[in-house]
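This report refers to the structure that appears directly beneath it.
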Amino acid sequence: MSWRSGGSWRVALKLARRDVWRAKGRSALVVAMIGVPIMLIAAGSVLLRSTTDTNAADGLRTMGPTDAVVTVQGAPLAQTFDGALQASVPEAKLADPDDQDMTSQRVAALTGGTAIPVRHGTTLVKTDLGAIAVNVREFDLRDERTTGLGTVVDGRAPKSADEIAVSPNLVDDGFGPGQRIRFGAGDHPEVWVVGVVRNPADLSSRQLVGIPGSILRGAGGSGDTTYLIDTHGRAITWPDVQQLNTHGLVVQSRAVLQDPPPHKMVPRLITDSYPSTPDATLVAFTVLVAAGVLLEVVLLAGPAFAVGARRQSRQLALFVATGGTPRDVRRVVLAQGIVLGFGSAFLGILLAIALVALTRPISSQLIGHDISSLRISPLDLGALLVVGSLAALAAAYIPARHASRQDTVVALAGRPRRGGPALGLVLMVVGAIVVLALGRQPGGEWRVAVGTFVLVAGTIMITPVLIGLLNRLGGRLPLSLRLATRDGARHQSRTVPAVAAIMGVVTGVTALAIGSSSDFEQNRRGYEPRTAMETMTIGLTPTATPRAADTLADQVRAELPGRTTLLLPSITIYPSDPQALTAALVGPKCPEEDPYGCGVPLDTEDGESIIGYTTTVDGMMVAGPDLVAKVLGHPLTAEQRQVLSAGGVLVPSKAALYPDHTAQVATFRIRNGSDGSVTTRDVERTQLPAAVLAATVRHSGTYTYLADLIATPQTARRLGLLTTVHSIVVPPGSPAVSKAQEAQVKEIVQGLGYGSDIYVERGFVQTYAIQFLALSILGGLLVLVGAATATALALNDARPDFATLAAVGATPRTRRRMAMAQAAVIGGLGALLGVVVGAVPGLAVTWPLTTGEGQ
């Protein structure tokens, strides 16, 4: 039989199908070893493509059954096919003077269809405490052209301006059908909730839906308008889109999204403005993961084919006796790899699609929008079929070669090839050097990936020596472990690959854990608190009058019983009134021509000075000694109180003090130029007594201070500065402000309409526990699968040994303990090697991940 003849392969495939069906247990193990990784990767591919909306998919969903979505940009532009990227055309004018006033009628005329406006915005809904912010959409739910933008799940669609529909989560807040709602922070008419609408594009936010003009007009809200374009069956082509761009319109066309033109037709202005460069880290990571999965499958499935070939030795011998050649013998074993590999990958892909389909409702809730359809990439799944088949073929290759040679017994005895351990040590050293020395350089992702594979390959080559060493130490172990180590040393052809597979998994998990934990620690150390811990600050808008500030403070006190609530007057650095004076601290080392001051350094506990501090209260804080002490949470020193009372100021650093213990304060007006420049005028500098209110050292290493400058109201008036209430502060105290209380205060502030920012300093609240738990579960599952399949294969192969043990009087418990010991030896040794090897790339990736601030 010639190797070129198809008949030889047909015979081999027939024998393979028969042997696969006959050895159901071993075949099931191979299916699990190959099918489970393929299933997980395929499920990830389908889920990622189905849940990650491309701009094209998002555009198709938001246009319902119409032909396009148009947004008014107001200037000539170039865009991508999906409209996600846009660039203004330099020095270009709109194609028509009428484009300056883009109405629905104008949009309809330009597009040659009907324009249906859909207005998007935000507003406030009044509550018992105050108000909550909600998203708003205005369109007619009854219009069939808006089908898909919202589904009425309870009640009916709004018909008039005094009717609205709400999202399901607003029903949970007490705004269900039959309830009344009032918008905005002022006195606006009430409307009726007549229905509940589910927005398939946004399942998480609070939303209102009303007919056009019912909510955003006069309800204290703001918004933008997009237009659904119904061309009555005429496609809006790419040249049409480019023509509409000259009128200042961004267009998402159904025809273009469903059948995009060649990439070369993307305007040059876009490609120049947004050059697309591949993410080297992502590419390296993807290749590393794919190669790792392929290697793990080969290592786990290889022993199964080796055991199968050994079990078939008599059948293969008969095959040779009837005229088969060694090449034909190889084909028989390789055919099993083809049959099992393709079948396992195909079954894994089918199970992956079914798994994603079954979990679709859960996935939709997690990502916040409906999965409109399962997007299955034939390229992805076809590649996985090829990978599964190649992995099985590679796993069967070595057993096939052994089966066709005369030294099969020697090979299956697991004797390491001479020179293997020495070469393995060399590869380990080379891999470690590549990873640690070259991988730390910029763009070293590929070096880390290649070096890691070299390191892993070297470790695999010395694994037989380690197993032999463990066997020699096994004489001191309990009986079950002693039997397990001896079995592993005797059958290295299946033990070494199983240990190597588990080592590969743990290597990846260890490297990822070290890198992610280092990144997390950098974020923790680099965190900069805005205020002292457990402090709540409520920024007030410039329109907040003293009476309004007092009212808001009273309501905050009512919601936070037992906590002090303080009003902080200040002079801002950049006042909104161009006639108002502002002030800046001028250090003794600042140049004379600098009217702003030059950034006075802060003194730290170790005597060094730093620049780049954070501020609790921007600008100049106006407060007497008692109020400052309350905000700080501790009394002022006698010198600080005396300086304030004497008309002096407190500064954040001794670097701001002049030799005579005074500070220089510049008062001036700011003038904003039309070109964005900022200039000053009427500069006057005053020398005042001063004392230092030093920066506070936070636990994270960040230095915070209370204000640029602190003075009493009397001093501020003497300098010609006007005082305004800047913020409301709740200093640290007991009990701590809870998340629920913070939400209630936010409702109060939004209801009054004077708050611009609400913040409670809780420090760095992120935790690594979730990431660590996820990595531990992932690694544990992979190790468990590897150890279980390897142990099951060992038990299948060791039936004669167990029969011998039973014959000499071993109890079933002893045999069970031996099985558990085999899993412990394979899993334990693989995990130990994985931690040691994974620490090398893990340490290497910490440099690019944590290079920068906070080091």
Take the range 795-841 and flag every residue that is free of Cβ contacts under 8 Å to residues at least 12 places away in the same chain and either outside the structural domain of ARG472 (by TED's automatic domain parsing) or not in a helix (DSSP H, G or I) (or both). VAL808, GLY809, ALA810, THR811
Out of the residues in the range 531-565 that are of a type in the set (Val, Ile, Thr) and touching a Pro at 6+ places or on another chain (Cβ under 8 Å), which is farthest from VAL737 (Cα to Cα)? THR564
Please give the number of the condition LEU170 fails out of (1) surrounded by fewer than 18 Cβ atoms within 10 Å (Cβ to Cβ); (2) assigned to a helix (DSSP H, G or I); (3) within 38 Å of the chain's Cα centre (by Cα); (4) not aromatic (Phe, Trp, Tyr). (1)
Are any of the residues in the range 501-524 of a type outside the set (Phe, Trp, Tyr), crowded, with 19+ Cβ neighbours inside 10 Å, within 30 Å of GLY733 (Cβ to Cβ) and modelled with pLDDT under 80? no
Based on this model, can you work out whether ASP660 counts as charged (D, E, K, R) and at pLDDT below 80? no
What residue, among those in the range 246-268 that are part of a strand (DSSP E or B) and among the polar types (S, T, N, Q), is nearest to the chain's Cα centre (by Cα)? GLN252
Mind checking which residues of the range 339-398 are of a type in the set (A, V, I, L, M), part of a loop (DSSP other than H, G, I, E, B) and surrounded by 18 or more Cβ atoms within 10 Å (Cβ to Cβ)? ILE371
Being assigned to a loop (DSSP other than H, G, I, E, B), among the aliphatic types (A, V, I, L, M) and farther than 17 Å from THR686 by Cα: is that true of LEU627 here? no
Please go through the range 127-151 and give me each residue that is closer than 30 Å to LYS746 by Cα, over 30 Å from the mean Cα position of the chain (by Cα) and surrounded by 17 or more Cβ atoms within 10 Å (Cβ to Cβ), ordered by number. THR127, LEU129, GLY130, ALA131, GLU138, PHE139
Restrict the check to the range 99-114 and report whether at least one residue is over 34 Å from the mean Cα position of the chain (by Cα) and part of a strand (DSSP E or B). yes
Scanning the range 525-538 for residues that are at pLDDT 75 or above and surrounded by 19 or more Cβ atoms within 10 Å (Cβ to Cβ), which turns out nearest to ASP801 (Cα to Cα)? GLU534
Residues in the range 525-543: is at least one in a helix (DSSP H, G or I) and either within 30 Å of TYR759 (Cα to Cα) or of a type in the set (Phe, Trp, Tyr) (or both)? yes
Take the residues in the range 757-779 that are loosely packed, with under 14 Cβ neighbours inside 10 Å and small (Gly, Ala, Ser); name whichever of them is nearest to the chain's Cα centre (by Cα). ALA774
For LEU124, are the conditions met, namely being under 35 Å from the mean Cα position of the chain (by Cα), assigned to a loop (DSSP other than H, G, I, E, B) and in contact (Cβ under 8 Å) with a residue 60 or more places away in the chain? no
Regarding ALA716, is this residue assigned by TED's automatic domain parsing to the domain that holds GLY562, part of a helix (DSSP H, G or I), modelled with pLDDT of 80 or more and within 20 Å of ALA584 (Cβ to Cβ)? yes
Here are VAL136, VAL118: which of them is part of a strand (DSSP E or B), touching a residue at least 12 places away in the same chain (Cβ under 8 Å) and touching a His at 6+ places or on another chain (Cβ under 9 Å)? VAL136
Name the pairs: first residue in the range 750-779 and part of a helix (DSSP H, G or I), second residue at pLDDT below 75, Cβ to Cβ under 9 Å, at least 6 apart or on different chains? GLN750/ALA185; GLY751/ALA185; LEU752/ALA185
Can you report the number of residues in the range 738-748 which are closer than 16 Å to THR535 by Cβ, in contact (Cβ under 8 Å) with a residue 24 or more places away in the chain and either polar (S, T, N, Q) or surrounded by 19 or more Cβ atoms within 10 Å (Cβ to Cβ) (or both)? 2
Which residue pairs have Cβ atoms closer than 7 Å, lie 6 or more positions apart in sequence or on different chains, and pair a first residue in the range 140-166 that is in a loop (DSSP other than H, G, I, E, B) with a second residue that is charged (D, E, K, R)? GLY148/ARG61; GLY150/ARG198; ALA157/ARG142
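The values are calculated or read from the model by the stated rules, or taken from the named source; none is laboratory data. Remember, predicted model here, so these are calculated numbers, not experimental data. In this analysis, Cβ positions are derived from the backbone assuming ideal geometry, glycine residues included, and neighbour counts consider all displayed protein chains.
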